[in-house]
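Novice: Sharing a structure below in structure tokens format, with a few things to ask.
The values are calculated or read from the model by the stated rules, or taken from the named source; none is laboratory data. Predicted model only: the values in this text are computed from it and were never measured. Cβ placement follows ideal geometry from the backbone for every residue including glycine, while neighbour counts extend to all protein chains displayed.
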Number of protein chains: 2
Amino acid sequence: MSDHAALAAELSRDAKRASRELALASTAVKNAWLRGCAAAVRANAERLASENERDLAAAPDYGLSEAQVDRLRLTPDRLESVAVGLEEVASLPDPVGEVIDGSRRPSGIELTRVRVPLGVVFFIYESRPNVTADAAALCVKSGNAVILRGGKEAFHSNTALHALLADQLEEHGLPRATVQLVPTTDRAMVGEFLKRRGDIDVAIPRGGKGLIERVTREAAMPVIKHFDGICHLFADASADFDMAADLTVNGKVQRPGVCNALETLLVHRDVAETFLPKVAAALTEQGVELRGCERTCAILSDAKPATAEDWDTEYLALILSVKVVDDLDAAVDHVAAHGSGHTEVIVTKDLAAARRWEAAVDAAAVMVNCSSRFHDGSEFGLGAEIGISTDKLHARGPCGLQELTSYKYIVRGEGQVRG
Amino acid sequence: MSDHAALAAELSRDAKRASRELALASTAVKNAWLRGCAAAVRANAERLASENERDLAAAPDYGLSEAQVDRLRLTPDRLESVAVGLEEVASLPDPVGEVIDGSRRPSGIELTRVRVPLGVVFFIYESRPNVTADAAALCVKSGNAVILRGGKEAFHSNTALHALLADQLEEHGLPRATVQLVPTTDRAMVGEFLKRRGDIDVAIPRGGKGLIERVTREAAMPVIKHFDGICHLFADASADFDMAADLTVNGKVQRPGVCNALETLLVHRDVAETFLPKVAAALTEQGVELRGCERTCAILSDAKPATAEDWDTEYLALILSVKVVDDLDAAVDHVAAHGSGHTEVIVTKDLAAARRWEAAVDAAAVMVNCSSRFHDGSEFGLGAEIGISTDKLHARGPCGLQELTSYKYIVRGEGQVRG
């Protein structure tokens, strides 16, 4: 066994053992740990900042862009929001032990379906060090042990943050192996963890498409994916033009680098000539580049012609592809062919059109007359989220505490046998 | 592209298209199809039996055992129960469209979480032809298109059954590609389907361990597994001996070839000397071979010594391994090390012991004072089941109609944008 394999085996087995203990921990102890961590982050803000400085100093060696360096920086404000985030998770209800349903069966046995932790989470993420605390908080609150594998760019920040979290585990009588940080950022190491089905119950990658594809391909255990968001807004023939323009601008511009931002605008042909110039003016004012289909370009002379590739591209930038479609069903078909199952918006005044959109579009969130940007764990009331799933199995949409759990059936009898 | 790959691509894409139409089908139409299928099975019983004869005639070429040939046979009784099974699925509630929960958020948007089909199921199964109808019924009722890949031993029976189901689809205005049977039993073909993530949403293998391991390894899409059941019964120090013996015999003997049968008996050392001879007598009377740990063999002179392998073996036969453990926690540890997460039973009169078992044992069904044989979709009130999952993600325990669905968030607003 290679050194990598041996280390992955050791950490995974330690996590499994810790998870069995953690599954039985009381809500009070888990919350005390979360609040203890928040206090420790505040008390050690200077040390965290100085470890973060080491990462910032090394950033040019990793060729990080200015925006990436900025995301890496642990300012006093950001450290405070890490602490507040930990406290917020403490204030969320504990999903473990929730009775989902139950019944007494004709045989006389009594069934109770109870929410339980998944076990061990392997969480692989990139750059921002605050994710270290967020992910650990969500996993531990939902009763899961977690193995954190952060990016090399944040290695010193992550190591310092993790040490605080682990010390607090001991402080509160929880196994230190409940939260482990992989002590190397060697890429081969990730592969060794991905082999350890049996010890690790689920892998959660969060980062670029390359990372997520690699984890999906290599993982021997189930994966909860936070994949790309190719989100559409369809302006129906009956759309309120002001509303449609506002929602398009908000969806594209308010935070273009996130998965619930819009990438494509679909416009009903009956209103293309009147609506397109209006929305184009609002978008170009915000610096958005438009890439249109043939019919769009015939109306908007400034739009660039879209290539076939554009309809399948998550720009994560101030670029929007625009297509005129014949009717609602053509919009539904375009979304089925090119959407990523994330967030799909219709703007309409027509009840039948809204109902048809809701029923026929297959996506984690199907929206009528509101911004795609609302598709988010906090906006949906789940509290913090570990990602937004575009898968259909296990969890779809925002993944909060409940999505980090499974269930088991508890069955009670008085000696019943099956005849 | 090979012929196999091309055929898999065509069938998968046809299934995907059909699934979009089926997702919008009314409950009434789906139920009418199910009842139409039941009538067609009854009306064509002779033809089905004669096609089944062709499989039975070929069975010796495949080296089937007598028991396997028996399972393959479509007797008039079995055909009637296929028809009744279809009607029973018609009488179950439609999971599609169920509102799981919902809320109005501070932003004013209104959230409704609604149950939706998974999409396309690829179902791979062995020998018994009645599974063809069962699986198609569950998939279609839950709004999913299904690609069925049965075993070569039942090829003619499956083909004849499938033709009836497909004719009934057309009869009821549903796409014929809703239920497809792979027209070859070439093993390489399975691999081509397992690559088609995007078209196929989930693969469900049902059969031997080899099949399930292969599908898990090769599938590019999520898998719902019906894996092995290494189920334990722990006779605690306070157990009622009669009850513990009855539950052991029922768990082992009533149907030894199924996944919820017992494989290992764990006995608290304080009662080993009195309980073991009693249960051994009852088991040997039923022809059960006992394989014991050292302490067991010291008490039961007729028991064979168990090897290390025995504790990890699903016998599916009248063999039971027996181990004396120091206490409840030792039993919990043994189950954690050797159990398959299926069904784990304690027999006890002690409330604290029952509560500890329920909390500390990690399995799909954790039972107190009843037979492991109750872990079953029908006994649990789910109606028919497509399998019993020992996974923790998506579905755990019996998988019925609800477990063949996902959900989506429907979000309604009046032009809200995110600030």
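This table checks each residue for (1) in the same structural domain as A:R47 (by TED's automatic domain parsing); (2) among the small types (G, A, S); (3) within 17 Å of A:D14 (Cα to Cα).
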site	(1), (2), (3)
A:T132	yes, no, no
A:A136	yes, yes, yes
A:A145	yes, yes, yes
A:G150	yes, yes, no
A:A154	yes, yes, no
A:Q168	yes, no, no
A:L174	yes, no, yes
A:V182	yes, no, yes
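Novice: Output yes when any residue across the range A:318-336 is under 30 Å from A:E285 (Cα atoms), under 25 Å from the mean Cα position of the chain (by Cα), hydrophobic (A, V, I, L, M, F, W, C) and surrounded by fewer than 22 Cβ atoms within 10 Å (Cβ to Cβ), and no when none is.
Specialist: Yes.
Novice: How many residues does the range A:102-125 contain that are of a type outside the set (K, R), farther than 25 Å from A:G198 by Cβ and within 10 Å of chain B (Cβ to nearest Cβ)?
Specialist: Total meeting the criteria: 8.
Novice: Could you check, for the range A:246-259, whether at least one of its residues is in a loop (DSSP other than H, G, I, E, B) and assigned by TED's automatic domain parsing to the domain that holds A:A136?
Specialist: No, the conditions are met nowhere in the range A:246-259.
Novice: Also: Identify the residue in the range B:195-237 that is part of a helix (DSSP H, G or I) and out of contact with any strand residue (DSSP E or B) (no Cβ under 6 Å at 6 or more places or on another chain) and, among all such residues, is modelled with the lowest pLDDT.
Specialist: Per the criteria, the residue is B:K209.
Okay, residues lined up against (1) assigned by TED's automatic domain parsing to the domain that holds B:P222; (2) under 30 Å from B:Y125 (Cβ atoms):
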residue	(1), (2)
B:A360	no, no
B:C370	no, yes
B:S389	no, yes
B:L401	yes, yes
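Novice: Among the candidates B:V215, B:V258, B:V190, B:V179, single out the residue that is within 23 Å of the chain's Cα centre (by Cα) and within 13 Å of chain A (Cβ to nearest Cβ).
Specialist: Residue meeting the stated conditions: B:V258.
Novice: Then there's this: Need a quick list: strands (runs of 3 or more DSSP E) entirely within the range A:349-403 having at least 2 residues that are in contact (Cβ under 8 Å) with a residue 24 or more places away in the chain, buried (at least 20 other Cβ atoms within 10 Å of the Cβ) and facing another protein chain (nearest Cβ under 9 Å).
Specialist: Here the list reads A:365-370.
Novice: I've got another one for you. Would you confirm whether or not the range A:204-217 contains a residue that is among the small types (G, A, S), in contact with a helix residue (DSSP H, G or I) (Cβ under 6 Å, 6 or more places away or on another chain) and over 27 Å from A:A40 (Cβ atoms)?
Specialist: Among the residues of the range A:204-217, not one is among the small types (G, A, S), in contact with a helix residue (DSSP H, G or I) (Cβ under 6 Å, 6 or more places away or on another chain) and over 27 Å from A:A40 (Cβ atoms), which makes the answer no.
Novice: Does the range B:275-309 hold any residues that are in contact with a Phe, Trp or Tyr (Cβ under 7 Å, 6 or more places away or on another chain) and surrounded by fewer than 18 Cβ atoms within 10 Å (Cβ to Cβ), and which are they?
Specialist: Passing the criteria: only B:K278.
Novice: Then there's this: Determine which single condition A:P129 fails, assuming it passes every other condition in (1) of a type outside the set (V, I, T); (2) without any contact (Cβ under 8 Å) to a residue 60 or more places away in the chain; (3) away from every other protein chain (no Cβ under 14 Å); (4) under 24 Å from A:K225 (Cβ atoms).
Specialist: (2)
Novice: Checking A:V335 against (1) in contact with a helix residue (DSSP H, G or I) (Cβ under 7 Å, 6 or more places away or on another chain); (2) of a type in the set (V, I, T); (3) in contact (Cβ under 8 Å) with a residue 60 or more places away in the chain, which single condition isn't satisfied?
Specialist: It fails just one condition, (1).
Novice: For the structure I just gave you, tell me whether A:T185 is surrounded by fewer than 19 Cβ atoms within 10 Å (Cβ to Cβ) and polar (S, T, N, Q).
Specialist: In short, yes.
Novice: Let me ask something else. With A:T313, A:T343 as the choices, which residue is touching a residue at least 60 places away in the same chain (Cβ under 8 Å) and away from chain B (no Cβ under 11 Å)?
Specialist: The conditions single out A:T313.
Novice: For B:K323, which of the numbered conditions (1) within 20 Å of B:N250 (Cβ to Cβ); (2) not in a strand (DSSP E or B) fails to hold?
Specialist: Unmet condition: (2).
Novice: Pick out the one residue from A:R418, A:R412 that is facing chain B (nearest Cβ under 7 Å), surrounded by fewer than 23 Cβ atoms within 10 Å (Cβ to Cβ) and either under 19 Å from A:L262 (Cβ atoms) or touching a Phe, Trp or Tyr at 6+ places or on another chain (Cβ under 7 Å) (or both).
Specialist: Result: A:R418 is the single residue among A:R418, A:R412 that is facing chain B (nearest Cβ under 7 Å), surrounded by fewer than 23 Cβ atoms within 10 Å (Cβ to Cβ) and either under 19 Å from A:L262 (Cβ atoms) or touching a Phe, Trp or Tyr at 6+ places or on another chain (Cβ under 7 Å) (or both).
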